[in-house]
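S.K.: Input: one structure, supplied below.
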Amino acid sequence: MRHNYIVTVKWIKIAESREELHFSADGTAHAEADGKKLCIISYKEELYACVSKCPHAGGMMADGYIDAVGNIVCPVHRYKFDLRTGRNISGEGYYLKTYPIEERQEGIFVGIKTGGLFGG
Ligand code: FES
């Protein structure tokens, strides 16, 4: 029996506009998509999305800040993660889940992967 793992991305609208996200002075905001709590980041005019909780010990990423080179810094133990890839720049070996985000005419959308095993 063969199995195919099909992954599709579901785009979920999280806000009508940037204003509706109420970014902090550090450029972070809380949002929710499909029951997942997210942290949205506005950095140099670009938007980024990641899970709301730090993979280390659950710090709220939206309460952190963005460093001078564009890494998000967790407010609890200050581990740093690349906004684009989620790579743990400060080297502790964690991975921050990131999501694609798009600003469209109809609003701001985050892409959530959905997938399943299908027997074939
Ligand atoms: S909880 Fe984020 S670095 Fe420890």
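Every number in this text was worked out from the coordinates using simple rules, so none of it is lab data. Predicted model only: the values in this text are computed from it and were never measured. Because the Cβ atoms are built from the backbone with ideal geometry, glycine has one as well, and the counts that use them run over all protein chains shown.
S.K.: Which of the residues that make up segment 8-41 are at positive phi and without any contact (Cβ under 8 Å) to a residue 40 or more places away in the chain?
M.R.: Matches in segment 8-41: HIS22, GLY27, GLY35.
S.K.: Say we look at segment 13-33 and pick out the residues that are of a type in the set (Gly, Ala, Ser), in a loop (DSSP other than H, G, I, E, B) and farther than 13 Å from ILE101 by Cα; which of these is farthest from the chain's Cα centre (by Cα)?
M.R.: Residues of segment 13-33 of a type in the set (Gly, Ala, Ser): 15, 17, 24-25, 27, 29, 31, 33.
The next check asks that each one be in a loop (DSSP other than H, G, I, E, B); those that pass are 17, 24-25, 27.
In the following step, the residues that additionally are farther than 13 Å from ILE101 by Cα were identified as 24-25, 27.
Working: SER24: 16, ALA25: 18, GLY27: 13 Å.
Filtering segment 13-33 for residues that are of a type in the set (Gly, Ala, Ser), in a loop (DSSP other than H, G, I, E, B) and farther than 13 Å from ILE101 by Cα, the one farthest from the chain's Cα centre (by Cα) comes out as ALA25.
S.K.: While we're looking at this one, here's another question. Taking the residues in segment 72-86 that are surrounded by fewer than 16 Cβ atoms within 10 Å (Cβ to Cβ) and charged (D, E, K, R) as candidates, determine which candidate is farthest from the ligand (Cβ to nearest atom).
M.R.: The residue in question is ARG84.
S.K.: Could you figure out which of (1) more than 16 Å from the ligand (Cβ to nearest atom); (2) part of a loop (DSSP other than H, G, I, E, B); (3) crowded, with 17+ Cβ neighbours inside 10 Å isn't true of PHE109?
M.R.: (2)
S.K.: Next question, about the same structure. Name the single residue that is nearest to ILE6 (Cα to Cα) among those in segment 78-87 being out of contact with any Lys or Arg (no Cβ under 7 Å at 6 or more places or on another chain) and part of a strand (DSSP E or B). Spell out how you get there, then give the answer.
M.R.: Taking segment 78-87 as the starting set, the residues that turn out to be out of contact with any Lys or Arg (no Cβ under 7 Å at 6 or more places or on another chain) are 78-80, 82-85, 87.
Cutting the leftovers down to part of a strand (DSSP E or B) gives us 80, 82, 87.
Values: LYS80: 32, ASP82: 27, ARG87: 25 Å.
Looking at residues that are out of contact with any Lys or Arg (no Cβ under 7 Å at 6 or more places or on another chain) and part of a strand (DSSP E or B), I get ARG87.
S.K.: Still on this structure, I have one more. Does LYS10 satisfy the condition of being within 19 Å of LYS113 (Cβ to Cβ), more than 16 Å from the ligand (Cβ to nearest atom), assigned to a strand (DSSP E or B) and in contact with a Lys or Arg (Cβ under 9 Å, 6 or more places away or on another chain)? First the steps, then the outcome.
M.R.: Values: within 19 Å of LYS113 (Cβ to Cβ): yes; more than 16 Å from the ligand (Cβ to nearest atom): yes; assigned to a strand (DSSP E or B): yes; in contact with a Lys or Arg (Cβ under 9 Å, 6 or more places away or on another chain): yes.
Considered against the rule, which asks whether it is within 19 Å of LYS113 (Cβ to Cβ), more than 16 Å from the ligand (Cβ to nearest atom), assigned to a strand (DSSP E or B) and in contact with a Lys or Arg (Cβ under 9 Å, 6 or more places away or on another chain), LYS10 comes out as yes.
S.K.: Okay, moving on. Tell me, please, whether a residue that is among the hydrophobic types (A, V, I, L, M, F, W, C), in contact with an Asp or Glu (Cβ under 7 Å, 6 or more places away or on another chain), within 18 Å of GLY91 (Cα to Cα) and surrounded by 15 or more Cβ atoms within 10 Å (Cβ to Cβ) can be found in segment 57-66. Give the derivation first.
M.R.: Applying the first criterion (among the hydrophobic types (A, V, I, L, M, F, W, C)) to segment 57-66 yields 57, 60-62, 66.
Now drop any that are not in contact with an Asp or Glu (Cβ under 7 Å, 6 or more places away or on another chain), which leaves 66.
Applying the additional criterion that residues be within 18 Å of GLY91 (Cα to Cα) yields 66.
Narrowing further to those that are surrounded by 15 or more Cβ atoms within 10 Å (Cβ to Cβ): 66.
Yes, segment 57-66 contains at least one residue that is among the hydrophobic types (A, V, I, L, M, F, W, C), in contact with an Asp or Glu (Cβ under 7 Å, 6 or more places away or on another chain), within 18 Å of GLY91 (Cα to Cα) and surrounded by 15 or more Cβ atoms within 10 Å (Cβ to Cβ).
S.K.: Go through segment 52-70 residue by residue and tally those that are away from the ligand (no atom under 12 Å from the Cβ) and either touching a residue at least 60 places away in the same chain (Cβ under 8 Å) or assigned to a strand (DSSP E or B) (or both).
M.R.: 2
S.K.: Ok, one more. Does segment 34-46 include one or more residues that are part of a loop (DSSP other than H, G, I, E, B), buried (at least 17 other Cβ atoms within 10 Å of the Cβ) and within 14 Å of the ligand (Cβ to nearest atom)?
M.R.: Our first condition is that a residue be part of a loop (DSSP other than H, G, I, E, B); within segment 34-46, this holds for 34-35, 44-45.
Subset that is buried (at least 17 other Cβ atoms within 10 Å of the Cβ): none.
Within segment 34-46 (the criterion being part of a loop (DSSP other than H, G, I, E, B), buried (at least 17 other Cβ atoms within 10 Å of the Cβ) and within 14 Å of the ligand (Cβ to nearest atom)), the answer is no, since none of the residues qualifies.
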